[in-house]
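The values are calculated or read from the model by the stated rules, or taken from the named source; none is laboratory data. Just so we're clear, the structure is a prediction, and the values are computed from it rather than from any experiment. Here the Cβ positions follow ideal geometry from the backbone for every residue, glycine too, while neighbour counts run over all protein chains shown.
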Amino acid sequence: MKVLLISANTERINMVTMPLGLGLVAAATRRAGHDVTFLDLLDDADPEAAVVRAIAATRPDVIGISVRNIDDQTRDNPRFLLEQVRPAVMACRAGTRAPIVLGGAGYSIFPDAALAYLGADFGVAGDGEEAFPALLSRLQAGGGPAGLPGVHAAGAPAAAPAAFADALDSFPLWDEALDPIASAAGPDLWLPVQSRRGCPNDCSYCSTARIQGRRIRSRSPRRVVEKLAALARAGFKRFYFVDNSFNIPHDYALEICRLMKELAPGVEWRCILYPHLVSDELVSAMAGAGCVEVSLGFESGSSRVLRQMHKRFAPADVRATSELLARHGIRRMGFLLLGGPGETRETVEESLAFADSLRLEALKTTVGIRIYPGTPLARRAVQDGMISPEDDLLQPRFYLTPGLR
Ligand code: B12
């Protein structure tokens, strides 16, 4: 089949993010024998015109669109970023009768609501590498998606839950369509690398279980680092590990660092750390392998609030991790997420004083927590009368302890 894949993200908030996930779907779709055209709308001055041109040039049988961001997670003046995807979907509808399939991190959190909002035909929640080619086979044979894990159809009853494959090494690591995008992105690009999926941490507000599941699924460290080293030889020197928590599991992270030092000397990289059980050995290995900055999402300096968030660490763990990082010369970008259940004026002051005392290189403070469906925070928000149980939460809603403002 002729397949047109469109990355609909046009945002540069925080940093340029490459469409790695859609690239992996593209590679899996090519492997399954289809003819793939890739369109990245990030730098297009007129995204709709680009879609119209791509449809005229390729005459696709199926169109896949990746949906990364729903909103910017900001309580004051939130931006509803999903709105930006609608014109692309409408341009597809106007130019062809090919079915439109959605996927991506943002989509996976809201499979039915996003499908309805955008007016697409199908959606794939979770990993796309197996589900999308499976859907193409069904469509090619004239069938529908009934029973395919994670595949939703517009207007149909609830889909089977997404399947999260354990054997990530059987999935591609890259796609040729990503080469020109990476080359054009310029020196500010931190090229995304993913070694693991899934997160077992169960933070009370987090949406990751819907996107990647709770089980950690890993690629072989050597395969990941060999790909990274090949990209480094091609001239890319800055990387971003997009894994949910780089340090989990500990020994896996150590092995990645050991191999990076050996196979990709001279690169710089960043990652996200979960500040629990972070050893001196690991931080030293990270620094030795080129890690220059970590995102330290500790969210609060109050033990009580951390417990409410279901964090597995206490402020003392955050301090120990932060000190280790400073000692090894790794910059620390801290995060505070204020206003959740149990927050009071005193715990806010405690968190601010705690964050100050860490002497971080940067701190991002967010007031009000974005409520995601199916989370303990969403259930609490219903109990507290902040949202109705019927709210699909696609339009951003935030938890802010009453009276705190
Ligand atoms: C790493 C990360 C970042 C890094 C990115 C670094 C980099 N160099 O890329 C940083 C910290 C910079 C960042 C910033 C932001 N992020 Co962010 N980020 C993530 C994270 C943890 C991983 C994303 C990733 O790279 N995944 C790896 C790729 C391989 O997976 P994937 O894209 O999901 O693709 C797979 C599937 O989704 C599917 N798929 C993808 N596309 C398609 C298409 C089709 C057709 C199909 C069938 C399937 C399919 O198949 C792929 C392979 O299996 C996710 C959470 C998560 N666990 O997903 C949040 C996440 C995507 N981010 C989110 C947000 C909000 C943001 C920001 C807006 C925050 C802000 N205000 O600054 C910015 C936006 C940045 C931008 N310019 O767009 C939200 C989006 C949801 C929402 N509310 O909108 C998420 C989901 C986190 C959350 N809160 O739940 N982010």
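At a glance:
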item	result
Subset tally (residues that are over 21 Å from Glu293 (Cα atoms), in contact (Cβ under 8 Å) with a residue 40 or more places away in the chain and out of contact with any helix residue (DSSP H, G or I) (no Cβ under 9 Å at 6 or more places or on another chain)) for region 349-366	2
Whichever residue in region 54-72 is in a loop (DSSP other than H, G, I, E, B) and out of contact with any Gly (no Cβ under 9 Å at 6 or more places or on another chain) and, among such residues, is farthest from the ligand (Cβ to nearest atom)	Arg59
Flag if Ala32 is surrounded by fewer than 21 Cβ atoms within 10 Å (Cβ to Cβ), within 14 Å of the ligand (Cβ to nearest atom) and not hydroxyl-bearing (Ser, Thr, Tyr)	yes
Test set (1) over 21 Å from Leu377 (Cβ atoms); (2) in a strand (DSSP E or B); (3) in contact with an Asp or Glu (Cβ under 9 Å, 6 or more places away or on another chain) - Leu324 fails condition number	(2)
Some residue of region 174-182 being touching a Gly at 6+ places or on another chain (Cβ under 9 Å) and assigned by TED's automatic domain parsing to the domain that holds Ser295	no
Test: residue in region 342-349 that is within 18 Å of Val278 (Cα to Cα), part of a helix (DSSP H, G or I) and not hydroxyl-bearing (Ser, Thr, Tyr)	no
Test for Ala45: is it at pLDDT below 95 and more than 9 Å from the ligand (Cβ to nearest atom)	yes
Members of region 352-405 that are assigned to a loop (DSSP other than H, G, I, E, B), away from the ligand (no atom under 13 Å from the Cβ) and charged (D, E, K, R)	Arg359, Glu361, Asp384, Glu390, Asp391, Asp392, Arg405
Selection within region 197-221 - within 22 Å of Leu254 (Cβ to Cβ), free of Cβ contacts under 8 Å to residues at least 60 places away in the same chain and more than 10 Å from the ligand (Cβ to nearest atom)	Pro200, Arg215, Ile216, Arg217, Ser218, Arg219, Ser220, Pro221
Candidates Ser284, Ser351, Ser295, Ser302, filtered to the one that is closer than 30 Å to Gly235 by Cβ and over 24 Å from the mean Cα position of the chain (by Cα)	Ser284
Region 83-120, residues that are near the ligand (Cβ under 8 Å from one of its atoms) and in contact (Cβ under 8 Å) with a residue 40 or more places away in the chain	Gly103, Gly104, Ala105, Tyr107, Ser108, Ile109
Residue in region 334-346 that is in contact (Cβ under 8 Å) with a residue 12 or more places away in the chain, over 19 Å from Cys206 (Cβ atoms) and in contact with a Ser or Thr (Cβ under 7 Å, 6 or more places away or on another chain) present	no
Contacts under 7 angstrom Cβ, first residue in region 367-378 being over 22 Å from Thr347 (Cα atoms), partner away from the ligand (no atom under 12 Å from the Cβ), 6 or more apart	Tyr372/Ala378; Pro373/Asp392; Thr375/Ser204
Search result, residues across region 164-196 that are surrounded by fewer than 21 Cβ atoms within 10 Å (Cβ to Cβ), within 11 Å of the ligand (Cβ to nearest atom) and either of a type in the set (S, T, N, Q) or over 19 Å from Ala230 (Cβ atoms) (or both)	Phe164, Ala165, Asp188, Gln194
Count - residues of region 347-381 that are more than 13 Å from Cys203 (Cα to Cα) and exposed (fewer than 15 other Cβ atoms within 10 Å of the Cβ)	10
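Condition check ((1) touching a helix residue (DSSP H, G or I) at 6+ places or on another chain (Cβ under 6 Å); (2) outside the structural domain of Ile109 (by TED's automatic domain parsing); (3) modelled with pLDDT under 95; (4) not aromatic (Phe, Trp, Tyr)) across all residues:
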| site | (1), (2), (3), (4) |
| --- | --- |
| Gly213 | no, yes, no, yes |
| Ile216 | no, yes, no, yes |
| Ser220 | yes, yes, no, yes |
| Glu226 | no, yes, no, yes |
| Ala229 | yes, yes, no, yes |
| Lys237 | no, yes, no, yes |
| Phe241 | no, yes, no, no |
| Asn247 | yes, yes, no, yes |
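Per-residue answers, yes or no, for (1) at negative phi; (2) among the aromatic types (Phe, Trp, Tyr); (3) in contact with a strand residue (DSSP E or B) (Cβ under 7 Å, 6 or more places away or on another chain):
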{"site": "Pro180", "(1), (2), (3)": "yes, no, no"}
{"site": "Arg197", "(1), (2), (3)": "yes, no, yes"}
{"site": "Cys203", "(1), (2), (3)": "yes, no, no"}
{"site": "Phe241", "(1), (2), (3)": "yes, yes, yes"}
